[in-house]
Amino acid sequence: MTQALAADVVMLEARGVNTWYPNGHHALRNVDLTVHQGEVVVIMGPSGSGKSTFLRTFNGLEDFQTGSIIIDGINIGDDLRQRDAIRREVGMVFQQFNLFPHLTVLDNLTLAPVLVRGRAKTQVERQALELLERVGIHEQAHKYPGQLSGGQQQRVAIARSLCMEPRLMLFDEPTSALDPEMVQEVLQVMQELAAGGMTMVVVTHEVRFARQVADRVVLMADGEVLEIAAPEQFFSNPQHPRSQQFLSQIN
Amino acid sequence: MSSSRHQQLPPQEQLSALETLRLACFANPLDGLISLALISAVLAAAWQLLRWALLQAQWGVIAANSTLLALGRYPEPQRWRLWLLLWLLSTVAGLSWGLLRRQSWPRNDLLATAVLTGLTLWAPAAVAQPLAVQAHWWGLTAWLLLLRSSAGAMAARVPPPVLQCWALLWPVVYVSGMGLIAGGLGLVRVPSPLWGGLLLTLIEACFAMLLCLPLGLALALGRSSGLPLLRMGAVAYIEFIRGAPLITLLFLGQNILGFLLPGGLSPDRIWRAAWVLTVFASAYVAEALRAGLAAIPRGQVEAARSLGLNTAQTLSHVVLPQAIKVALPALVGQFISLLQDTTLLSLIGLMELLGTARTVLANPEFLGRNAEVYVVLALLFWCCCAALGLGSRALEVRLNRQRSVAVR
Ligand SMILES: Nc1ncnc2c1ncn2[C@@H]1O[C@H](COP(=O)(O)OP(=O)(O)O)[C@@H](O)[C@H]1O
Ligand SMILES: [Mg+2]
């Protein structure tokens, strides 16, 4: 599968990325990652290993000092306009949902397409309702986020990103803040999204999701990428000692 | 102790009003003693006040000067313009009230309606206004209440963009109101020294309230900006203004603005004072807004940015609507102090409500009538502040509806 994809378009290419936080902490050490179009990459690793930092550099929420990141042909540089262009093409789903509490579910979805893409509101609304139907919450379209359960909110957040028609979706521990009984409904939506051909980079600890959906699993520790492998190999026969240690801890 | 008695009762048990009162005030001998002492003190004070108000006070001073206290020396032939302004205000206020409350009539609104109706029927008659003027007031109140209920009934069908831009109507009302008051554009000019009393108080307070919001917002954003120079400038401004008493700033303003802008360019005394009030209030408004901005989680900005919104869009569509909601109670507190601070303008010689009251009291004819005049002044301020408080409470409830109640 990976071989077949390798011939395909490269969606994301990170080379030798180094990040230091202002307090001097070296959060990313020479990390490389290539993601092809349609691929699902799961990033795992112990807490504090730099997974979020890495993911957030992909849409310019975090700065990096050396190395290069090219997304869909656009180089993330210092140019703010390029950064805005990348953000339009990259969707992000957060651990804490981050829905806009003062807007209805529908307005959460339509805000960015109308403001950023300048599309007609009625047309965006039609698309938004379709998306909400796809994630199973079209009946709640006129409620406010505070009236929904965590699982519903996270599904709205996914639909909100999709409404911008992104080429790449980033997920930062999308189920970690959810009650256990709601994890599955969110993973289900993500699985369908992957089956539909979306390119996805997902930070998660859900082993079952990684086994079933990921094309490759990345293990990070202490700001470094230590292992990249297909899921069946990663979970049954991890190569790096830190991978073995990590897997024994989460099982 | 009385609270522990409450907790022992099963929650579904209904207490009679009398029983509740007994538990709240007389649960044990000590509670009872304290309650008794308090009640008798309040009753005694109320009795004295009532006796003074009904038997000793000579309210003639209010009736004789009611127009002066309300308008200053605004010329009689031009007063129809103020009536027109009142109709305009009552229209916008009634519509705003209705749009905020929709079809609900909470207890606060019923109370406000009752007080308003009572005042309209009683006050003009009490200050011996002719029947025509009394009827005019009745009409104004009836119109306000009529619009309140009809706007309330139609609010659900008003398109959201209209509601979102509604607040922008108030600056327009202010500017047209000032046009009516000052004249020009075909209307006879009424020079500012003739404006006075409550009219001048409201002109000054509303000017500052409307302008301190954008100014305070700019300062709050400056204070949390990444540019060091901008940040230091905002901090210096806020700290300087908050460290100086308003009265010194008012005196300073009268002199400095005169130096800075010589001759005819220098604004009128009234507008100089209004600007000082604005400058003063904006420092406090900036701090209230900064607290609101600080209350918005980082994730909100990150979500907006990752959707592609730029800085300005993030601010106007995501951050500010939430920050203003958080800051609203503090902002209204600021507005209420601002209204009361206008009394300081009498010390720099402006004939606002307090200044006018003092000229009335300086008149030998009304010597010794201080208590009567100041009681009325206090009540007038109290009414204005109560209206502000009620309005902001209604706004808060409307803005917060998404937190609790489902919207259909
Ligand atoms: N704003 C920051 N300033 C300084 N250090 C930070 C900051 N954010 C994260 N870190 C540190 O960088 C490391 C990586 O953090 P993060 O990317 O959030 O890890 P993960 O998502 O894998 O748990 C951690 O040690 C964390 O303490
Ligand atoms: Mg993380």
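The values are calculated or read from the model by the stated rules, or taken from the named source; none is laboratory data. Computed from a predicted structure; not experimentally measured. Note that we place each Cβ from the backbone using ideal geometry, even for glycine, and neighbour counts take in every protein chain shown. Accessible surface areas use protein heavy atoms only, side chains included; no ligands, DNA or RNA. Shrake-Rupley method; radii C 1.70, N 1.55, O 1.52, S 1.80 Å.
A straight Cα-to-Cα reach below 27 Å connects residue A:143 with the lysines A:121, B:325, residues fewer than 8 places away in its own chain not being considered.
Please tell me the relative contact order of the range B:318-393 in percent, rounded to the nearest whole number, where contacts are Cα pairs under 8 Å and at least six residues apart.
Numbers: 32 pairs, mean separation 23.7, N = 76.
Value for the range B:318-393: 31 percent.
Computed over the alpha carbons of the protein assembly as shown, Rg followed by Dmax gives 32.6, 104 Å. For residue A:40, the amide hydrogen comes within under 5 Å of the amide hydrogens of A:200, A:215, A:216, counting only partners 5 or more places away or on other chains and with H modelled in the peptide plane. Ligands, DNA and RNA left out, the accessible area of the protein assembly as shown computed with a 1.4 Å probe is 63% carbon and sulfur. For the range B:72-216, the gyration tensor built on C-alpha atoms gives an oblate shape. Its axis ratio a/c (a ≥ b ≥ c) is at least 1.5, and a/b is not larger than b/c.
With the other protein chains left in place, how much accessible area per residue, in square angstrom, belongs to chain B at a 1.4 angstrom probe?
Computed with neighbouring chains in place, this is 54 Å² per residue.
Among B:316, B:40, B:337, the residue with the largest mean-square fluctuation in a Gaussian network model of chain B, with springs joining Cα atoms closer than 10 Å, is B:40.
The angle between the Cα long axis of helix A:80-89 and the longest principal axis of the Cα atoms of chain A comes to about 80 degrees, rounded to the nearest 10.
Once the Cα atoms are used to define both axes, helix A:241-250 deviates from the longest principal axis of chain A by about 40 degrees. A dipole drawn for the range B:301-390 from +1 and -1 charges on Cβ atoms has a positive end, and of B:390, B:347, B:306 the residue lying farthest that way is B:306.
With a 1.4 Å probe and every protein chain left in place, work out the accessible area per residue of the range A:1-150 in Å², rounded to a whole number. Please report the intermediate quantities before stating the final value.
Values: 6620 Å² over 150 residues.
Ligands and nucleic acids excluded, the result is 44 Å² per residue.
Computed over the range A:123-242, the P(r) tail beyond 19 angstrom holds 52 percent of alpha carbon pairs. Ordering B:319, B:291, B:381 by Cα displacement along the dipole of the range B:288-408 toward the positive end leaves B:319 in first place; charges were set at the Cβ atoms of Lys, Arg (+1) and Asp, Glu (-1).
Selection among B:63, B:186, B:141 by position relative to the dipole of the protein assembly as shown gives B:63 as farthest towards the positive end (Cβ unit charges, Cα centre).
For the range B:281-408, what value does the Rg/Rh ratio take when both radii are computed over Cα atoms and Rh is the Kirkwood radius, given to two decimals?
Numbers: Rg = 21.5 Å, Rh = 18.0 Å.
Using Cα coordinates only, the ratio equals 1.20.
Axis angle, to the nearest 10 degrees, between helix A:121-134 and the longest C-alpha principal axis of chain A: 60 degrees. Mean projected area of the convex hull spanned by the Cα atoms of chain B, taken over all viewing directions: 28.0 nm². Sparse packing (at most 12 other Cβ atoms within 10 Å of the Cβ) combined with a DSSP loop state is found for the following trypsin sites (Lys or Arg not before Pro) in the range B:109-215: B:189.
At R0 = 60 Å, how high is the FRET efficiency between residue B:45 and residue A:133 if r is their beta carbon distance? Nearest 0.05 is fine. The computed FRET efficiency comes out at 0.35. Using only the C-alpha atoms, the convex hull of the range B:202-307 corresponds to 131 Å³ per residue.
Could you run the numbers on buried accessible area between B and A, total for both chains, 1.4 angstrom probe, in Å² to the nearest 100?
Working: alone 23270 and 11660 Å², together 32860 Å².
For chain B against chain A, roughly 2100 Å² becomes buried.
Legend: residues in the range A:95-117 shielded by at least 20 square angstrom of accessible surface upon adding the remaining protein chains to the isolated chain (1.4 Å probe, heavy atoms) are A:98, A:100, A:101, A:102, A:111, A:112, A:115, A:116.
How many Cβ atoms of partner chains, on average, are near each residue of A:145-152 if near means within 10 Å of its Cβ?
Working: counts 1, 3, 6, 0, 0, 0, 0, 0.
Partner Cβ neighbours, averaged per residue: 1.
Counting only Cα atoms, the size of the range A:132-183 along its three principal axes is 29, 26, 17 Å, in decreasing order. Principal axis extents of the C-alpha atoms in the range A:42-169 (largest first, rounded to whole Å): 46, 36, 24. Among A:237, A:18, A:59, the largest mean-square fluctuation in a Gaussian network model of chain A (Cα springs under 10 Å) belongs to A:237. For the range A:36-144, chymotrypsin sites (Phe, Trp or Tyr not before Pro) are listed when DSSP marks them as loop and at most 10 other Cβ atoms sit within 10 Å of their Cβ; the list is empty.
Normalised by the number of residues in chain B, what is the relative contact order in percent for Cα pairs under 8 Å and 6+ residues apart?
Numbers: 368 pairs, mean separation 76.2, N = 408.
For chain B, the relative contact order is 19 percent.
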